[in-house]
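Have a look at the structure below before the remarks.
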Amino acid sequence: MQIDWSLAERFLSYVDGDEPLSRVWSHPGYDVVREHAAVLGRTVRREDVAETVDGERNPFPELEGLSENRRRIARLLDRVRSKEREWTDEIERRLERIVPNADTSDVTVYLGVGYETGIGVRNGAYVNLNEPLFLREPRQLLYVCVHESSHVLYERAHRSLDRFGPDPLQSENRRAVWNTVFHTEAFATYAPLELRRSDGALGETDHPVCEDYAVLSDRDRLRGLVREYDSFRETLRRESVSPDELASRLFGGSRLPYRVGCALLAEVERRDGPEAVREAFSVEPVEFPAQYDWALETYRD
C-alpha cells in the first residue's frame, strides 16, 4: 500500500497561486472524493473548491481556518513523509488482522485538504489534513488512515455500492442499507483499536472519532447505546424511515454503527479470538447484525 501526499501538495500550491486548479481537480484523490460524494447524493464541482478557497462561500466547512493552518499542514506533511514506511507497514498489519487474505498492494491513502475528515471507497481512501485533531495530534491521522483503508478493502470484497446504486440512502430497502453500513463501520472502527490500545489513545472525548473509543470503557453508556440500537432495529423491522432519519442514525448523534459495532467485534475477539473476527468480515453484510447479535448480550439488561 502507499500514502500519496501529492494532492495536498498541489492543493497548497494552488492556494499559494503556484498551481492551476485543473491540476488539483484532475488528481486521482479527487476521484475518491467524487465517488464518495455521489454515494451520499452530493455533487462536488471544481467551482466549489475555487469558491471556497476564495472565501465566496463555504460548501466544504472542513476548509475553515486554512490560512491560519497553512504552516501546520505543511509540517504535518513533513511528518508523514518521514514516517511513510513505518506508517504503511502499520496500516497493513492492522488490515491483515481483520481481512482474510488481505491484499493491500494497490490500496492508496490520498492526503488532501478539505472535504470530510476521512473517507474510503473502492478507488482508495482520502483524509483531510486540515482537521484540527490531526494538527494537534498527528498520530490520530495514522488511526484514521487505518479506518479508511479498511473501507477500501471492505468495498472491494462486498461491493455494497453495486447492491444499492447511487445514493443508497434513497433505497427502498433501508434495513439492508443500515445493516451494510453497520458492518463496514464496525470493522473500520475496530481496525485501529489494538493500535490505539497499545498507544494509550482510548480516553479522549473531545472529538467524535476519539469518543468512539472512549465509550468502550464506559459500560453504562454502552448499555444505553445498545438499547438505542435495539430500538432502531425494531423500528426498521416494523416501519419505513425517511432518508434523513436513516442518515442521522448512521452517521450522526450516537454514531451507533461505529460504537456498538466496534464493541460487538471486540466481544467476538475476546470470546473466540482474532480468527473469528476475520470470519465475521466475510459474512454477508445484511446478515451480520443478526448473526453476531449474541456479542451484545453482555450490554443488555
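Does GLU84 satisfy the condition of being charged (D, E, K, R), touching a strand residue (DSSP E or B) at 6+ places or on another chain (Cβ under 9 Å) and modelled with pLDDT under 90? Walk me through it before giving the result.
Details: charged (D, E, K, R): yes; touching a strand residue (DSSP E or B) at 6+ places or on another chain (Cβ under 9 Å): yes; modelled with pLDDT under 90: no.
No: the conditions fail for GLU84.
What is the one condition in (1) of a type in the set (Ser, Thr, Tyr); (2) out of contact with any Lys or Arg (no Cβ under 7 Å at 6 or more places or on another chain); (3) within 20 Å of GLN2 (Cβ to Cβ); (4) buried (at least 17 other Cβ atoms within 10 Å of the Cβ) that SER160 does not satisfy?
Single failed check for SER160: (3).
Here are ASP220, ASP206, ASP293, ASP272: which of them is under 24 Å from GLY118 (Cα atoms), among the acidic types (Asp, Glu) and free of Cβ contacts under 8 Å to residues at least 60 places away in the same chain? Don't jump to the end; show me each part of the working.
On the way: ASP220 fails: under 24 Å from GLY118 (Cα atoms); ASP293 fails: under 24 Å from GLY118 (Cα atoms); ASP272 fails: under 24 Å from GLY118 (Cα atoms).
Residue meeting the stated conditions: ASP206.
Take the conditions outside the structural domain of GLY253 (by the TED database), open to solvent by less than 10 Å² (accessible area, probe 1.4 Å) and within 19 Å of ILE91 (Cβ to Cβ) and apply them to TYR190. Does it pass? Let's see the steps before the verdict.
Working: outside the structural domain of GLY253 (by the TED database): no; open to solvent by less than 10 Å² (accessible area, probe 1.4 Å): yes; within 19 Å of ILE91 (Cβ to Cβ): yes.
The answer is no for TYR190.
Considering only the range 212-226, state which residues are over 18 Å from PRO289 (Cβ atoms) and open to solvent by 40 Å² or more (accessible area, probe 1.4 Å).
Residues satisfying the conditions are LEU216, SER217, ASP218, ARG219, ASP220, ARG221.
What's the total number of residues in the range 1-30 that are more than 27 Å from SER82 (Cβ to Cβ) and either of a type in the set (S, T, N, Q) or in a helix (DSSP H, G or I) (or both)?
Here the count works out to 4.
In the set GLU9, GLU35, which member is surrounded by 14 or more Cβ atoms within 10 Å (Cβ to Cβ), in the same structural domain as TYR110 (by the TED database) and farther than 20 Å from VAL152 by Cβ?
Just one listed residue meets the conditions, GLU9.
Could you grab me the full set of residues in the range 187-228 that are in contact with a Cys (Cβ under 6 Å, 6 or more places away or on another chain) and under 25 Å from ARG300 (Cβ atoms)?
Residues satisfying the conditions are THR189, TYR190.
Of all residues in the range 251-301, how many are among the small types (Gly, Ala, Ser) and under 21 Å from GLU194 (Cα atoms)?
The total comes to 8.
Out of curiosity, is GLY261 among the small types (Gly, Ala, Ser), under 18 Å from the mean Cα position of the chain (by Cα), open to solvent by less than 10 Å² (accessible area, probe 1.4 Å) and outside the structural domain of GLN140 (by the TED database)?
Here the answer is yes, as GLY261 does meet what is asked.
Testing VAL177 on (1) modelled with pLDDT of 95 or more; (2) open to solvent by less than 10 Å² (accessible area, probe 1.4 Å); (3) of a type outside the set (Phe, Trp, Tyr), one condition comes back false. Which one is that?
(1)
Would the range 169-177 turn up any residue that is assigned to a loop (DSSP other than H, G, I, E, B) and either on the phi > 0 side of the Ramachandran plot or not hydroxyl-bearing (Ser, Thr, Tyr) (or both)?
The answer is yes, given that some residue of the range 169-177 is assigned to a loop (DSSP other than H, G, I, E, B) and either on the phi > 0 side of the Ramachandran plot or not hydroxyl-bearing (Ser, Thr, Tyr) (or both).
Of all the helices (runs of 4 or more DSSP H) wholly in the range 218-301, which have at least 1 residues that are among the hydrophobic types (A, V, I, L, M, F, W, C), over 19 Å from GLU172 (Cβ atoms) and modelled with pLDDT under 95?
So the answer is 243-251.
Just to verify a result, which residue in the range 103-140, among those that are touching a Lys or Arg at 6+ places or on another chain (Cβ under 8 Å) and of a type outside the set (A, V, I, L, M, F, W, C), is modelled with the lowest pLDDT? Even if it seems obvious, please write down each step before you answer.
Just the residues of the range 103-140 that are touching a Lys or Arg at 6+ places or on another chain (Cβ under 8 Å), to begin with: 122, 135, 138.
Right, trim to of a type outside the set (A, V, I, L, M, F, W, C) and you get 122, 138.
On the way: ARG122: 93, PRO138: 96.
Taking the candidates together, the pick is ARG122.
The values are calculated or read from the model by the stated rules, or taken from the named source; none is laboratory data. Computed from a prediction, not measured in an experiment: that's the story for all the values here. Positions of Cβ are backbone-derived with ideal geometry, glycine not excepted, and every protein chain shown enters the neighbour counts. When the accessible area is computed, the model is the full protein with side chains, heavy atoms only, and any ligands, DNA or RNA have been set aside. Shrake-Rupley method; radii C 1.70, N 1.55, O 1.52, S 1.80 Å.
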